[in-house]
Amino acid sequence: MAGQRKATSFDIAHLAGVSQPTVSRALRGSPTVSPATRQRIEAIAKQLNYTVDRAASGLRSGHSRTLALLLFRDPSPDDTLINPFFLAMLGSMMSSCAEAGYDLLVSFQQPSSNWQADYEQSHRADGLILLGYGDYADYRQRLVDMVERGTHFVRWGHVQAGQPGLTIGCDNVAGGRSAAEHLVAQGRRRIAFLGDATDHYPEFHDRYLGYVAALEAAGLPIDPRLQVPAISTEEAGTRAAEDLLDRGDPFDAIVAASDLIALAAMRVFVNVGLRVPEDVAIVGFDDIPAASLANPPLTTVVQDAGAAGRRLIDTLLARIRGEPTQSVVLPTRLVVRRSSV
């Protein structure tokens, strides 16, 4: 039979002595099928070289067995920049999807596009993973609308009580504090912060709050002229570093809200004759691949991209299955390299 035509679930049901719906449930891993029956069905399916028709199964169940990963472009001159930290999550996300029997659809998006209707509402995906969003004040209402429509989604970002939807993020306050505490321990006393410190970019704001807490604990003054706004692009980091130099206020260290900002600032300082770390010590945030390859290598706060990617997928799948879910804050750790010592 198998040599003459492609085997079907009805063939498996006949050989296993069960109904076709039982075969379908068994091959989906449904707990309603006993382990012994499921093993018998799986063995027959393997013998017949049977593979599940994902498209037909999706039409019957109303599920596509696909998740959509939407990467939002960071502002840049050519609108193509994607935060390298997000790209570092891809491997673990793809592995988690494969283990769960899902495909992962990756798409670059403009924040203004109608991405919800393009995916879950059109049944192209069972749920959405959102990475990057720009100004949170503009983005938040979109999240509220998605919650009201019952959209299955999870995002990477700032975790706070009362936020719309599910969020996985890191402990940004602790990360910012560990960066500043490290610089204080190196004897630095005029520590600047490069990064937005408003609720428009809440992750950066939390890192700034951690920086402030470390300085206050050390008895150091909080000088507003040593905080320069910047988003997570090299262009913004360059402008912030140049602005800090133009202000003329002395500084001997930098806490940067991201590695992209830190690496751009490092180039600016070296170009004007400042030595890193002798004249200015620098700490970044994210541990993107370029951080360890910089000259000198960049001290940075590490967010575990692998754990983040797995947690995003696991949380979204639990949400799709109707299981209890909650937002999660993941720990950070400081990796010390030559840019600060």
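The values are calculated or read from the model by the stated rules, or taken from the named source; none is laboratory data. From a predicted model like this one, the values you see are computed outputs, not experimental measurements. So basically every Cβ, Gly included, is an ideal-geometry build from the backbone, and we count neighbours across all protein chains shown. These accessible areas exclude ligands, DNA and RNA; they are computed on the full protein's heavy atoms, side chains included. Shrake-Rupley method; radii C 1.70, N 1.55, O 1.52, S 1.80 Å.
Values as computed for the structure displayed
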| read-out | value |
| --- | --- |
| Residue count for region 189-200, restricted to those that are in contact with a Pro (Cβ under 9 Å, 6 or more places away or on another chain) and either in a helix (DSSP H, G or I) or within 18 Å of GLY284 (Cα to Cα) (or both) | 5 |
| Candidates ALA264, ALA230, filtered to the one that is open to solvent by less than 40 Å² (accessible area, probe 1.4 Å) and part of a helix (DSSP H, G or I) | ALA264 |
| Of residues in region 142-168 being among the small types (Gly, Ala, Ser) and under 18 Å from the mean Cα position of the chain (by Cα), the one surrounded by the most Cβ atoms within 10 Å (Cβ to Cβ) | GLY157 |
| Verdict on ASP103 being at pLDDT 90 or above, acidic (Asp, Glu), open to solvent by 30 Å² or more (accessible area, probe 1.4 Å) and under 30 Å from GLU203 (Cα atoms) | yes |
| Meets criteria (without any contact (Cβ under 8 Å) to a residue 60 or more places away in the chain, under 30 Å from ARG310 (Cβ atoms) and in a loop (DSSP other than H, G, I, E, B)) for PRO221 | no |
| Residues of region 275-289 classified as surrounded by fewer than 16 Cβ atoms within 10 Å (Cβ to Cβ) and either in contact with a Ser or Thr (Cβ under 6 Å, 6 or more places away or on another chain) or over 28 Å from PRO250 (Cβ atoms) (or both), total | 1 |
| Test result for ALA218, farther than 30 Å from PHE72 by Cβ and crowded, with 24+ Cβ neighbours inside 10 Å | no |
| Members of region 189-201 that are more than 21 Å from LEU245 (Cα to Cα) and either modelled with pLDDT of 95 or more or buried (at least 24 other Cβ atoms within 10 Å of the Cβ) (or both) | TYR201 |
| Filtered residues of region 169-188 (kept if buried (at least 24 other Cβ atoms within 10 Å of the Cβ) and assigned to a strand (DSSP E or B)) | CYS170 |
| Meets criteria (modelled with pLDDT of 95 or more and in contact with a Lys or Arg (Cβ under 8 Å, 6 or more places away or on another chain)) for THR299 | yes |
| Candidate set from region 1-32 (those that are under 18 Å from GLY101 (Cα atoms) and in a loop (DSSP other than H, G, I, E, B)); member that is most open to solvent (accessible area, probe 1.4 Å) | ARG28 |
| One residue from ALA174, ALA236, ALA253 being among the aliphatic types (A, V, I, L, M), touching a residue at least 24 places away in the same chain (Cβ under 8 Å) and touching a Lys or Arg at 6+ places or on another chain (Cβ under 9 Å) | ALA253 |
| Condition check for ARG333: assigned to a helix (DSSP H, G or I), within 29 Å of MET94 (Cβ to Cβ) and touching a residue at least 12 places away in the same chain (Cβ under 8 Å) | no |
| Hey, SER327 buried (at least 24 other Cβ atoms within 10 Å of the Cβ) and of a type outside the set (A, V, I, L, M, F, W, C) or not | no |
| Scan of region 290-303 for residues that are part of a strand (DSSP E or B) and surrounded by fewer than 21 Cβ atoms within 10 Å (Cβ to Cβ), ordered by number | VAL302 |
| Number of the exception - ASP246 against (1) open to solvent by 20 Å² or more (accessible area, probe 1.4 Å); (2) touching a residue at least 24 places away in the same chain (Cβ under 8 Å) | (2) |
